[in-house]
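Working notes for the structure below.
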Amino acid sequence: MTTIRRATADDAPTLRALMRELAENQGHAAQVAVSVDRLADLLTRPDVGYLIAERDGKAIGYVSWLQRVSFWSGQDYLALDDLYVCSEERGAKVGEHLMRAISEVARRRVIRWEVAEANVAAQRFYRRIGATLVSKKICRLVGDTTV
Ligand SMILES: CC(C)(COP(=O)(O)OP(=O)(O)OC[C@H]1O[C@@H](n2cnc3c(N)ncnc32)[C@H](O)[C@@H]1OP(=O)(O)O)[C@@H](O)C(=O)NCCC(=O)NCCS
């Protein structure tokens with residue numbers, strides 16, 4: 001049976017392993033540099049949320065987010081960070097359950113996230129569950145390293 005629950009700091013080792021799987025999946029394995037202790041700390045922050053999907057007690061996926069505020073609307077929203085289901089568990093609606101669960105957490109708040117242009121399967125999945133997709137470029141700038 002698949003269940004979904006809020007993660008706690010004790011889940012940090014499991015979550016980091018799943019985050020590494022997702023990053024490997026997307027060819028960015030080296031980018032998951034967070035330590036288990038740091039992740040455990042982050043999991044105690046009130047603006048950070050993680051839901052874990054488990055089947056028969058084994059973690060098989062997660063969704064993570066940050067609570068943010070829109071200065072234009074003055075409203076809080078959830079910035080979804082990762083959605084991941086282990087490859088051998090895909091196609092069994094675990095991803096859909098995780099999205100429904102974050103939507104229950106959000107209540108009336110908007111949920112926003114990014115998806116790679118190349119990830120057409122995930123885009124189809126998001127459209128199917130009712131999300132609106134808008135194209136934008138993502139900009140990154142490393143802060144001044146001389147101060
Ligand atoms: C996207 C993802 C979370 C969906 O989880 P899931 O449990 O398979 O989702 P569901 O069973 O509820 O729905 C299956 C849908 O996911 C899509 N999908 C995306 N990648 C898939 C994959 N590798 N295998 C099977 N289905 C996949 C299917 O096309 C299907 O959509 P469709 O019914 O419109 O054809 C999961 O495939 C995944 O973790 N993919 C890799 C990570 C990723 O791309 N995350 C999103 C980053 S923005």
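The values are calculated or read from the model by the stated rules, or taken from the named source; none is laboratory data. From a predicted model like this one, the values you see are computed outputs, not experimental measurements. In this analysis, Cβ positions are derived from the backbone assuming ideal geometry, glycine residues included, and neighbour counts consider all displayed protein chains.
Computed quantities for the displayed model
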{"read-out": "Breaking point among (1) part of a loop (DSSP other than H, G, I, E, B); (2) near the ligand (Cβ under 10 Å from one of its atoms), for V134", "value": "(2)"}
{"read-out": "Filter pass, R127 being within 14 Å of the ligand (Cβ to nearest atom), farther than 23 Å from E24 by Cα, among the basic types (K, R) and touching a residue at least 24 places away in the same chain (Cβ under 8 Å)", "value": "no"}
{"read-out": "Helices (runs of 4 or more DSSP H) contained in segment 1-114 and holding at least 1 residues within 14 Å of the ligand (Cβ to nearest atom) and either out of contact with any Cys (no Cβ under 8 Å at 6 or more places or on another chain) or touching a residue at least 24 places away in the same chain (Cβ under 8 Å) (or both)", "value": "12-25, 94-106"}
{"read-out": "Complete set of residues in segment 115-131 that are surrounded by fewer than 13 Cβ atoms within 10 Å (Cβ to Cβ) and not in a helix (DSSP H, G or I)", "value": "A116, E117, A118, I129, G130"}
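Residue-by-condition table, conditions (1) surrounded by 15 or more Cβ atoms within 10 Å (Cβ to Cβ); (2) of a type in the set (S, T, Y); (3) at negative phi; (4) modelled with pLDDT of 95 or more:
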position: R5; (1), (2), (3), (4): no, no, yes, yes
position: D11; (1), (2), (3), (4): yes, no, yes, yes
position: M19; (1), (2), (3), (4): yes, no, yes, yes
position: A29; (1), (2), (3), (4): no, no, yes, no
position: D37; (1), (2), (3), (4): no, no, yes, yes
position: A40; (1), (2), (3), (4): yes, no, yes, yes
position: L43; (1), (2), (3), (4): yes, no, yes, yes
